[in-house]
Amino acid sequence: MKAIVATDQAAEAAGITLAERPAPTPAINDVGVDVHASGFVPAEWEWPSTWVDRSGHDRAPAIIGHEFAGVVSSLGYGTTGFSLGQRVFGITDRHRDGTLAEHTAVEARNLAPLPGNVDFTVGASLPISGLTAWQGLFQHGRLQAGQSVLAHGAAGAVGSIVTLARPRVRCLRHRYRAGGGPRRGGTLVSVVGPAESRPVDDLAIDFVVESVPSQLVEIVDRVRDGRLRAHIGTVTTLDNGVPALNPTERRKGKTVIRVRP
Ligand SMILES: NC(=O)c1ccc[n+]([C@@H]2O[C@H](COP(=O)([O-])OP(=O)(O)OC[C@H]3O[C@@H](n4cnc5c(N)ncnc54)[C@H](OP(=O)(O)O)[C@@H]3O)[C@@H](O)[C@H]2O)c1
């Protein structure tokens, strides 16, 4: 099958290439999926999991992309909860081959059903960005009605979904300024690693997004009824994906690779 792989850690984005790779076989409790569309986080080559598996073994060339929407094409031994032909979306394990490929294998516990009226491109744009925003706001930020949110990098894929907080809270969008943290008593939630300065008496949290299918259902419900709009930028094919994933110009919205028309 065709896939986009990362080959050389030092080369970062310049080292990704379109390659021919064996299609994955779903393992116990896995779901095999025909990928229709795949999203992508622009820093995947910086993740240790792109280069080594959970046992520390070299993974290169690793198929990148870990959020997707597609159709169930096979079930692993003992897998329950999904059926052949079902539309699904979700996040795959970062330590396994990913979703910028014609097929992927994903643990059933990481999948959610994709409603029939939500396009695969939209579905693929939501899992990592949507769950990161959701977990940052509600799980780690413990956001409550009446509070305000200041989102740095709000034009990006994660930042644009911070509008999830509406209408319960006021959203302020902002680029980062040195010292631009919370006022006394606020909570600083970082998705880019530990904050360099942690104001005294403030709570500072950094976290890595987890796959929580029940939250995906909440997020896609908001897209269906118009409370949330997916912020999609470039959409292109797997064949033309490599330059789109390593653009020379500023990204506007989530880059989505449409694997099947
Ligand atoms: N912790 C996690 O689990 C997790 C999950 C997903 C993503 N992330 C990380 O979150 C970050 C954003 O991801 P994304 O998918 O939203 O990327 P993205 O779509 O490329 O958006 C990046 C945004 O950051 C802004 N930006 C760039 N440099 C900045 C700076 N110095 N100060 C403030 N804003 C700046 C950009 O603004 P301009 O458009 O003006 O350049 C853009 O709006 C990445 O670092 C990614 O690795 C972490």
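FYI, it's all coordinate maths here, none of it is from the lab. Fair warning: this is a prediction, and the values are worked out from it, not measured in the lab. As a convention, Cβ positions derive from the backbone with ideal geometry for all residues, glycine included, and neighbour counts pool all protein chains shown.
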ask   = Amide H to amide H under 5 Å from H36: which residues, 5+ apart in sequence or cross-chain, H placed 1.01 Å off N in plane?
value = A69, G70, V71
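I want the antiparallel fraction of DSSP beta bridges within the chain, as a percent rounded to 5. Walk me through the numbers before you get to the answer.
Values: 31 of 44 bridges.
Antiparallel bridges make up about 70 percent of those DSSP assigns within the chain.
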task = Could you calculate the contour length gain from V217 to V235, that is, 0.36 nm times the residue separation minus the distance between their Cα atoms, to one decimal place in nm?
result = 4.1 nm
ask   = On alpha-carbon atoms, Rg over Rh for the range 36-173 using Kirkwood Rh?
value = 1.02
inquiry  = I need the phi-derived Karplus couplings for the range 16-29: 6.51 cos²θ - 1.76 cosθ + 1.60, θ = phi - 60°, integer Hz, Gly and Pro marked x.
reply    = 8, 8, 7, 9, 9, 10, x, 5, x, 9, x, 8, 3, 6
task = Step through the residues of the range 232-244 one at a time and calculate ³J(HN,Hα) from phi using the Karplus curve (6.51 cos²θ - 1.76 cosθ + 1.60, θ = phi - 60°), rounding each to whole Hz and writing x for Gly and Pro.
result = 9, x, 6, 10, 8, 8, 4, 4, 9, x, 4, x, 5
message = Per residue of the range 42-56, what does 6.51 cos²θ - 1.76 cosθ + 1.60 with θ = phi - 60° give for ³J(HN,Hα)? Whole Hz please, x for Gly and Pro, Karplus curve as stated.
response = x, 10, 4, 6, 8, 7, x, 5, 6, 10, 9, 7, 5, 9, x
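Hey, could you grab the Kirkwood Rh for the chain? Inverse mean 1/r over distinct alpha carbon pairs, Å, one decimal. Please list the in-between numbers first.
On the way: mean 1/r = 0.0529 Å⁻¹.
Its Kirkwood hydrodynamic radius stands at 18.9 Å.
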task = Round to the nearest 0.05 the FRET efficiency obtained for A11 and S148 when R0 = 41 Å and r is the Cβ-Cβ distance.
result = 0.50
task = Within the chain, what's the longest run with no trypsin sites (Lys or Arg not before Pro) in a DSSP loop and at most 11 other beta-carbon atoms within 10 Å? Give the range, please.
result = 55-174
inquiry  = How long are the semi-axes of the equivalent ellipsoid of the range 57-98, defined as square roots of 5 times the Cα gyration tensor eigenvalues? Whole Å, largest first.
reply    = 23, 13, 8
